[in-house]
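Novice: Before I ask anything, here is the structure I am working with.
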Amino acid sequence: MAGGKAKGTSLRSEKRTTRIDKDVKKVSATNKLLSYAYDLLWSYRTWVDCSVTVVVFVDTEIDWKAYMQQVTQFKNGERDYLNIRGDTGPLVYPAGHVYIYSILHWVTNNGQDIRLGRSPILQWERTKETSVIRFFCFMIVRSERVPIRVERIVTSLCVVNFVGICFARTLHYQFYAWYFPTLPYLLWKTNMPLIFKAKVLIICEFAFNTFPATDVSSTVLHLSHFMLLASLFTASDESKYQSYLDAETRQDLTHFVNEECFDAARQFAMYYGSVTEELAEGAKVVSIDEQEIVLRLPKMNFTLAIGFGSSAPVTTEGYARRVLSGMSKEAEDGLARGVNMGQ
(Lines give C-alpha, C1' and ligand atoms only; values in the text may rest on other atoms or scores of the structure.)
Protein backbone atom coordinates (compact mmCIF):
# COMPACT_ATOMS: atom_id res chain seq x y z
CA MET A 1 0.00 0.00 0.00
CA ALA A 2 2.51 2.55 -1.13
CA GLY A 3 -0.38 4.80 -2.05
CA GLY A 4 -1.72 4.45 1.48
CA LYS A 5 1.41 5.85 3.03
CA ALA A 6 1.33 8.82 0.75
CA LYS A 7 -2.24 9.55 1.74
CA GLY A 8 -1.40 9.40 5.40
CA THR A 9 0.87 12.43 5.14
CA SER A 10 -2.08 14.78 4.57
CA LEU A 11 -4.03 13.84 7.70
CA ARG A 12 -3.10 16.85 9.81
CA SER A 13 -3.98 19.60 7.34
CA GLU A 14 -7.19 18.36 5.72
CA LYS A 15 -10.65 19.67 6.56
CA ARG A 16 -12.94 16.66 6.79
CA THR A 17 -16.60 16.42 5.88
CA THR A 18 -19.03 15.54 8.66
CA ARG A 19 -22.69 14.55 8.61
CA ILE A 20 -25.19 14.30 11.45
CA ASP A 21 -28.05 11.81 11.01
CA LYS A 22 -30.86 10.44 13.10
CA ASP A 23 -30.04 7.54 15.39
CA VAL A 24 -29.09 4.62 13.15
CA LYS A 25 -28.39 2.00 15.79
CA LYS A 26 -30.86 -0.40 14.19
CA VAL A 27 -29.59 0.43 10.72
CA SER A 28 -26.04 -0.25 11.86
CA ALA A 29 -27.05 -3.68 13.14
CA THR A 30 -28.75 -4.39 9.82
CA ASN A 31 -25.62 -3.36 7.93
CA LYS A 32 -23.56 -5.84 9.95
CA LEU A 33 -26.03 -8.59 9.06
CA LEU A 34 -25.82 -7.66 5.37
CA SER A 35 -22.03 -7.65 5.56
CA TYR A 36 -22.03 -11.18 6.98
CA ALA A 37 -24.49 -12.26 4.28
CA TYR A 38 -22.24 -10.73 1.61
CA ASP A 39 -19.18 -12.58 2.96
CA LEU A 40 -21.11 -15.86 3.11
CA LEU A 41 -22.42 -15.40 -0.42
CA TRP A 42 -19.09 -14.71 -2.08
CA SER A 43 -16.80 -16.74 0.17
CA TYR A 44 -18.61 -20.07 0.38
CA ARG A 45 -20.98 -20.18 -2.58
CA THR A 46 -18.30 -21.80 -4.74
CA TRP A 47 -18.04 -24.79 -2.39
CA VAL A 48 -21.82 -25.25 -2.35
CA ASP A 49 -21.94 -25.01 -6.14
CA CYS A 50 -19.15 -27.59 -6.54
CA SER A 51 -20.87 -29.99 -4.14
CA VAL A 52 -24.20 -29.73 -5.97
CA THR A 53 -22.47 -30.13 -9.33
CA VAL A 54 -20.70 -33.32 -8.24
CA VAL A 55 -23.86 -34.85 -6.74
CA VAL A 56 -26.41 -33.83 -9.37
CA PHE A 57 -24.41 -33.65 -12.59
CA VAL A 58 -22.35 -36.84 -12.57
CA ASP A 59 -21.52 -36.54 -16.27
CA THR A 60 -22.28 -34.03 -19.02
CA GLU A 61 -22.46 -35.28 -22.60
CA ILE A 62 -21.37 -32.52 -24.99
CA ASP A 63 -20.97 -33.84 -28.55
CA TRP A 64 -19.15 -37.00 -27.40
CA LYS A 65 -21.60 -39.29 -29.18
CA ALA A 66 -21.48 -37.12 -32.31
CA TYR A 67 -17.68 -37.22 -32.37
CA MET A 68 -17.65 -40.97 -31.91
CA GLN A 69 -20.13 -41.36 -34.77
CA GLN A 70 -17.95 -39.22 -37.03
CA VAL A 71 -14.81 -41.11 -36.03
CA THR A 72 -16.51 -44.43 -36.76
CA GLN A 73 -17.34 -43.28 -40.28
CA PHE A 74 -13.79 -41.96 -40.74
CA LYS A 75 -12.25 -45.25 -39.57
CA ASN A 76 -14.57 -47.10 -41.94
CA GLY A 77 -12.93 -45.28 -44.85
CA GLU A 78 -15.21 -42.31 -45.47
CA ARG A 79 -13.26 -39.17 -46.47
CA ASP A 80 -15.96 -36.89 -47.89
CA TYR A 81 -16.80 -34.08 -45.44
CA LEU A 82 -20.39 -33.98 -46.67
CA ASN A 83 -20.95 -37.63 -45.81
CA ILE A 84 -19.35 -37.67 -42.35
CA ARG A 85 -22.11 -36.69 -39.91
CA GLY A 86 -23.18 -37.12 -36.32
CA ASP A 87 -26.31 -36.41 -34.30
CA THR A 88 -25.38 -32.72 -34.04
CA GLY A 89 -24.57 -32.18 -37.70
CA PRO A 90 -21.85 -32.62 -40.32
CA LEU A 91 -18.12 -32.76 -39.71
CA VAL A 92 -16.57 -29.30 -39.33
CA TYR A 93 -13.64 -28.38 -41.59
CA PRO A 94 -10.66 -28.92 -41.22
CA ALA A 95 -11.54 -31.73 -38.77
CA GLY A 96 -8.15 -32.13 -37.11
CA HIS A 97 -9.94 -33.29 -33.98
CA VAL A 98 -10.95 -36.48 -35.79
CA TYR A 99 -7.40 -37.83 -35.45
CA ILE A 100 -7.37 -37.11 -31.70
CA TYR A 101 -10.79 -38.65 -31.17
CA SER A 102 -9.75 -41.67 -33.21
CA ILE A 103 -7.26 -42.44 -30.43
CA LEU A 104 -9.94 -41.89 -27.78
CA HIS A 105 -12.30 -44.08 -29.81
CA TRP A 106 -9.75 -46.89 -29.57
CA VAL A 107 -8.91 -46.29 -25.89
CA THR A 108 -12.56 -46.19 -24.80
CA ASN A 109 -13.64 -49.36 -26.61
CA ASN A 110 -15.43 -47.62 -29.49
CA GLY A 111 -16.53 -44.75 -27.26
CA GLN A 112 -18.31 -46.90 -24.67
CA ASP A 113 -15.93 -46.71 -21.68
CA ILE A 114 -15.83 -42.94 -21.13
CA ARG A 115 -14.30 -43.24 -17.64
CA LEU A 116 -11.22 -44.96 -19.06
CA GLY A 117 -10.67 -42.11 -21.51
CA ARG A 118 -11.12 -39.44 -18.85
CA SER A 119 -8.76 -40.87 -16.24
CA PRO A 120 -5.40 -39.67 -17.68
CA ILE A 121 -6.81 -36.22 -18.43
CA LEU A 122 -8.21 -35.85 -14.92
CA GLN A 123 -4.84 -36.66 -13.36
CA TRP A 124 -3.07 -34.19 -15.64
CA GLU A 125 -5.63 -31.46 -14.88
CA ARG A 126 -5.38 -32.20 -11.16
CA THR A 127 -1.60 -31.76 -11.21
CA LYS A 128 -1.84 -28.52 -13.15
CA GLU A 129 -4.66 -27.05 -11.05
CA THR A 130 -3.03 -28.09 -7.77
CA SER A 131 0.14 -26.25 -8.73
CA VAL A 132 -1.80 -23.15 -9.75
CA ILE A 133 -3.89 -23.18 -6.57
CA ARG A 134 -0.78 -23.49 -4.39
CA PHE A 135 0.79 -20.55 -6.19
CA PHE A 136 -2.22 -18.29 -5.69
CA CYS A 137 -2.74 -19.42 -2.10
CA PHE A 138 0.85 -18.40 -1.35
CA MET A 139 0.12 -14.95 -2.76
CA ILE A 140 -3.15 -14.61 -0.85
CA VAL A 141 -1.82 -15.55 2.60
CA ARG A 142 0.86 -12.86 2.32
CA SER A 143 -1.67 -10.10 1.67
CA GLU A 144 -4.25 -8.47 3.91
CA ARG A 145 -7.69 -10.03 3.85
CA VAL A 146 -10.07 -8.23 1.51
CA PRO A 147 -13.23 -9.65 -0.07
CA ILE A 148 -13.49 -9.60 -3.86
CA ARG A 149 -15.61 -6.79 -5.22
CA VAL A 150 -18.68 -7.81 -7.24
CA GLU A 151 -17.45 -5.66 -10.14
CA ARG A 152 -14.28 -7.70 -10.40
CA ILE A 153 -16.24 -10.96 -10.39
CA VAL A 154 -18.56 -9.74 -13.16
CA THR A 155 -15.63 -8.46 -15.22
CA SER A 156 -13.76 -11.74 -14.85
CA LEU A 157 -16.77 -13.78 -15.97
CA CYS A 158 -17.40 -11.53 -18.98
CA VAL A 159 -13.74 -11.51 -20.04
CA VAL A 160 -13.38 -15.30 -19.71
CA ASN A 161 -16.48 -15.78 -21.86
CA PHE A 162 -15.13 -13.29 -24.42
CA VAL A 163 -11.76 -15.06 -24.60
CA GLY A 164 -13.64 -18.23 -25.48
CA ILE A 165 -15.41 -16.39 -28.29
CA CYS A 166 -12.13 -14.95 -29.61
CA PHE A 167 -10.49 -18.36 -29.88
CA ALA A 168 -13.54 -20.42 -30.83
CA ARG A 169 -12.97 -22.95 -33.59
CA THR A 170 -16.16 -21.82 -35.31
CA LEU A 171 -18.59 -18.97 -34.63
CA HIS A 172 -22.25 -19.75 -35.20
CA TYR A 173 -24.84 -17.01 -35.34
CA GLN A 174 -26.34 -17.94 -31.99
CA PHE A 175 -22.97 -17.23 -30.37
CA TYR A 176 -23.66 -13.53 -30.85
CA ALA A 177 -26.55 -13.75 -28.38
CA TRP A 178 -24.21 -15.31 -25.82
CA TYR A 179 -21.78 -12.43 -25.59
CA PHE A 180 -23.47 -9.38 -27.14
CA PRO A 181 -24.97 -8.22 -23.79
CA THR A 182 -21.44 -8.08 -22.34
CA LEU A 183 -19.87 -6.08 -25.18
CA PRO A 184 -20.85 -2.59 -23.94
CA TYR A 185 -19.62 -3.45 -20.44
CA LEU A 186 -16.30 -4.79 -21.74
CA LEU A 187 -15.79 -1.87 -24.12
CA TRP A 188 -16.27 0.65 -21.34
CA LYS A 189 -13.70 -1.22 -19.26
CA THR A 190 -11.06 -0.27 -21.82
CA ASN A 191 -9.28 3.01 -22.48
CA MET A 192 -10.33 3.09 -26.14
CA PRO A 193 -11.73 6.37 -27.52
CA LEU A 194 -15.51 6.48 -27.83
CA ILE A 195 -15.37 6.31 -31.63
CA PHE A 196 -13.51 2.97 -31.49
CA LYS A 197 -15.98 1.55 -28.98
CA ALA A 198 -18.81 2.41 -31.34
CA LYS A 199 -16.92 0.91 -34.29
CA VAL A 200 -16.48 -2.42 -32.50
CA LEU A 201 -20.23 -2.63 -31.82
CA ILE A 202 -21.06 -1.73 -35.42
CA ILE A 203 -18.54 -4.22 -36.85
CA CYS A 204 -19.88 -7.07 -34.72
CA GLU A 205 -23.42 -6.23 -35.77
CA PHE A 206 -22.39 -6.12 -39.43
CA ALA A 207 -20.45 -9.40 -39.28
CA PHE A 208 -23.18 -11.43 -37.63
CA ASN A 209 -25.86 -10.01 -39.91
CA THR A 210 -23.92 -11.01 -43.03
CA PHE A 211 -25.21 -14.35 -44.33
CA PRO A 212 -23.52 -16.36 -45.54
CA ALA A 213 -20.29 -15.20 -43.94
CA THR A 214 -17.67 -13.73 -46.24
CA ASP A 215 -13.92 -13.31 -45.97
CA VAL A 216 -14.42 -9.61 -45.24
CA SER A 217 -17.06 -10.08 -42.53
CA SER A 218 -15.04 -12.81 -40.81
CA THR A 219 -11.80 -10.83 -40.97
CA VAL A 220 -13.20 -7.59 -39.55
CA LEU A 221 -15.01 -9.55 -36.82
CA HIS A 222 -11.82 -11.25 -35.65
CA LEU A 223 -9.84 -8.02 -35.86
CA SER A 224 -12.41 -6.20 -33.72
CA HIS A 225 -12.41 -9.08 -31.23
CA PHE A 226 -8.65 -9.08 -30.81
CA MET A 227 -8.50 -5.29 -30.63
CA LEU A 228 -10.98 -5.39 -27.74
CA LEU A 229 -9.09 -8.24 -26.08
CA ALA A 230 -5.78 -6.37 -26.35
CA SER A 231 -7.41 -3.21 -24.98
CA LEU A 232 -8.77 -5.13 -21.99
CA PHE A 233 -5.34 -6.61 -21.35
CA THR A 234 -3.57 -3.24 -21.46
CA ALA A 235 -6.24 -1.17 -19.66
CA SER A 236 -5.31 0.06 -16.21
CA ASP A 237 -7.81 -0.98 -13.56
CA GLU A 238 -6.23 0.67 -10.53
CA SER A 239 -8.94 3.33 -10.41
CA LYS A 240 -11.79 0.97 -11.35
CA TYR A 241 -11.46 -1.69 -8.68
CA GLN A 242 -11.44 -0.88 -4.99
CA SER A 243 -11.39 -3.60 -2.35
CA TYR A 244 -13.96 -3.67 0.42
CA LEU A 245 -13.53 -4.01 4.16
CA ASP A 246 -15.18 -7.25 5.24
CA ALA A 247 -17.45 -7.54 8.28
CA GLU A 248 -14.75 -8.99 10.56
CA THR A 249 -12.28 -6.22 9.69
CA ARG A 250 -14.90 -3.54 10.36
CA GLN A 251 -15.58 -5.03 13.78
CA ASP A 252 -11.85 -5.15 14.54
CA LEU A 253 -11.45 -1.50 13.56
CA THR A 254 -14.47 -0.50 15.65
CA HIS A 255 -12.93 -2.30 18.63
CA PHE A 256 -9.60 -0.63 17.88
CA VAL A 257 -11.06 2.88 18.16
CA ASN A 258 -13.41 2.19 21.08
CA GLU A 259 -11.09 0.08 23.23
CA GLU A 260 -7.48 0.64 22.17
CA CYS A 261 -7.48 4.34 21.29
CA PHE A 262 -8.17 6.02 24.64
CA ASP A 263 -11.05 8.52 24.45
CA ALA A 264 -10.74 8.67 20.65
CA ALA A 265 -14.48 8.55 19.86
CA ARG A 266 -15.26 11.48 22.18
CA GLN A 267 -12.34 13.48 20.78
CA PHE A 268 -13.50 12.76 17.22
CA ALA A 269 -16.97 14.12 18.08
CA MET A 270 -15.55 17.26 19.70
CA TYR A 271 -12.86 18.05 17.14
CA TYR A 272 -14.36 16.95 13.81
CA GLY A 273 -18.05 17.42 14.69
CA SER A 274 -17.68 20.56 16.85
CA VAL A 275 -19.77 18.87 19.54
CA THR A 276 -19.53 20.23 23.08
CA GLU A 277 -17.68 18.20 25.68
CA GLU A 278 -20.89 17.50 27.57
CA LEU A 279 -22.82 16.24 24.53
CA ALA A 280 -19.84 14.19 23.32
CA GLU A 281 -19.79 12.20 26.55
CA GLY A 282 -20.32 8.47 25.90
CA ALA A 283 -19.61 8.71 22.16
CA LYS A 284 -18.88 5.35 20.56
CA VAL A 285 -17.93 4.19 17.10
CA VAL A 286 -20.76 2.11 15.62
CA SER A 287 -19.60 1.71 12.03
CA ILE A 288 -16.52 2.05 9.85
CA ASP A 289 -16.46 1.63 6.09
CA GLU A 290 -14.13 2.58 3.25
CA GLN A 291 -15.22 6.24 3.22
CA GLU A 292 -16.14 7.27 6.77
CA ILE A 293 -16.35 6.50 10.45
CA VAL A 294 -19.75 6.78 12.19
CA LEU A 295 -20.11 7.75 15.87
CA ARG A 296 -23.20 7.41 18.02
CA LEU A 297 -23.84 10.27 20.42
CA PRO A 298 -26.23 8.91 23.08
CA LYS A 299 -26.91 12.29 24.70
CA MET A 300 -28.05 13.74 21.37
CA ASN A 301 -29.70 10.57 20.04
CA PHE A 302 -27.85 11.26 16.79
CA THR A 303 -25.04 9.73 14.81
CA LEU A 304 -22.10 11.68 13.46
CA ALA A 305 -20.36 10.55 10.27
CA ILE A 306 -16.78 11.74 9.70
CA GLY A 307 -15.34 11.28 6.22
CA PHE A 308 -11.80 10.05 5.58
CA GLY A 309 -11.37 12.67 2.86
CA SER A 310 -8.45 12.11 0.50
CA SER A 311 -7.32 9.20 2.69
CA ALA A 312 -10.29 7.24 1.33
CA PRO A 313 -10.90 4.60 0.25
CA VAL A 314 -9.66 2.78 3.33
CA THR A 315 -9.54 -0.80 2.06
CA THR A 316 -7.23 -2.75 4.37
CA GLU A 317 -7.01 -3.08 8.13
CA GLY A 318 -3.38 -1.97 8.34
CA TYR A 319 -3.98 1.20 6.35
CA ALA A 320 -7.21 1.91 8.28
CA ARG A 321 -5.37 1.72 11.60
CA ARG A 322 -2.78 4.22 10.34
CA VAL A 323 -5.49 6.62 9.18
CA LEU A 324 -7.48 6.34 12.41
CA SER A 325 -4.37 6.75 14.55
CA GLY A 326 -3.44 9.86 12.57
CA MET A 327 -6.93 11.28 13.00
CA SER A 328 -6.81 10.55 16.74
CA LYS A 329 -3.50 12.37 17.08
CA GLU A 330 -4.82 15.29 15.04
CA ALA A 331 -7.95 15.56 17.22
CA GLU A 332 -5.95 15.30 20.45
CA ASP A 333 -3.51 18.02 19.38
CA GLY A 334 -6.30 20.30 18.17
CA LEU A 335 -8.31 19.98 21.37
CA ALA A 336 -5.15 20.62 23.40
CA ARG A 337 -4.85 23.95 21.56
CA GLY A 338 -8.52 24.68 22.21
CA VAL A 339 -9.63 24.50 18.58
CA ASN A 340 -11.81 22.20 16.49
CA MET A 341 -12.34 21.56 12.79
CA GLY A 342 -15.30 23.93 12.62
CA GLN A 343 -13.25 26.95 13.68
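The values are calculated or read from the model by the stated rules, or taken from the named source; none is laboratory data. Please read all numbers here as calculations on a predicted model, not as lab measurements. Note that we place each Cβ from the backbone using ideal geometry, even for glycine, and neighbour counts take in every protein chain shown.
Novice: Go through the residues of segment 175-182 one by one and say whether even a single one is more than 14 Å from N161 (Cβ to Cβ), surrounded by 17 or more Cβ atoms within 10 Å (Cβ to Cβ) and not charged (D, E, K, R).
Specialist: There is no residue in segment 175-182 that is more than 14 Å from N161 (Cβ to Cβ), surrounded by 17 or more Cβ atoms within 10 Å (Cβ to Cβ) and not charged (D, E, K, R).
Novice: If Q174 satisfies every condition in (1) without any contact (Cβ under 8 Å) to a residue 24 or more places away in the chain; (2) under 26 Å from the mean Cα position of the chain (by Cα); (3) closer than 22 Å to L157 by Cβ but one, which is the exception?
Specialist: (2)
Novice: Considering only segment 82-122, state which residues are at pLDDT 75 or above and over 19 Å from K65 (Cβ atoms).
Specialist: Matches in segment 82-122: L82, G96.
Here's the yes/no breakdown for (1) part of a loop (DSSP other than H, G, I, E, B); (2) in contact with a Phe, Trp or Tyr (Cβ under 9 Å, 6 or more places away or on another chain); (3) farther than 14 Å from R169 by Cβ:
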position: V71; (1), (2), (3): no, yes, yes
position: R79; (1), (2), (3): yes, no, yes
position: V92; (1), (2), (3): yes, yes, no
position: A95; (1), (2), (3): yes, yes, no
position: V98; (1), (2), (3): no, yes, no
position: S102; (1), (2), (3): no, yes, yes
position: N110; (1), (2), (3): yes, no, yes
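Novice: Out of all the residues in segment 268-294, which are in a loop (DSSP other than H, G, I, E, B), surrounded by 22 or more Cβ atoms within 10 Å (Cβ to Cβ) and within 33 Å of the chain's Cα centre (by Cα)? Don't jump to the end; show me each part of the working.
Specialist: Narrowing segment 268-294 to residues in a loop (DSSP other than H, G, I, E, B): 273-283, 289-291.
In the following step, the residues that additionally are surrounded by 22 or more Cβ atoms within 10 Å (Cβ to Cβ) were identified as 273, 275, 280, 283.
If the condition is that a residue be in a loop (DSSP other than H, G, I, E, B), surrounded by 22 or more Cβ atoms within 10 Å (Cβ to Cβ) and within 33 Å of the chain's Cα centre (by Cα), then no residue fits.
Novice: State which residue is farthest from the chain's Cα centre (by Cα) when the search covers only segment 303-343 and only residues that are assigned to a helix (DSSP H, G or I) and polar (S, T, N, Q).
Specialist: S328
Novice: Give the number of residues within segment 187-233 that are in a loop (DSSP other than H, G, I, E, B) and surrounded by fewer than 17 Cβ atoms within 10 Å (Cβ to Cβ).
Specialist: 9
Novice: While we're looking at this one, here's another question. Quick check on my filter: what residues within segment 305-319 are of a type in the set (A, V, I, L, M) and either at pLDDT 90 or above or over 13 Å from V257 (Cβ atoms) (or both)?
Specialist: Of everything in segment 305-319, those that are of a type in the set (A, V, I, L, M) and either at pLDDT 90 or above or over 13 Å from V257 (Cβ atoms) (or both) turn out to be A305, A312.
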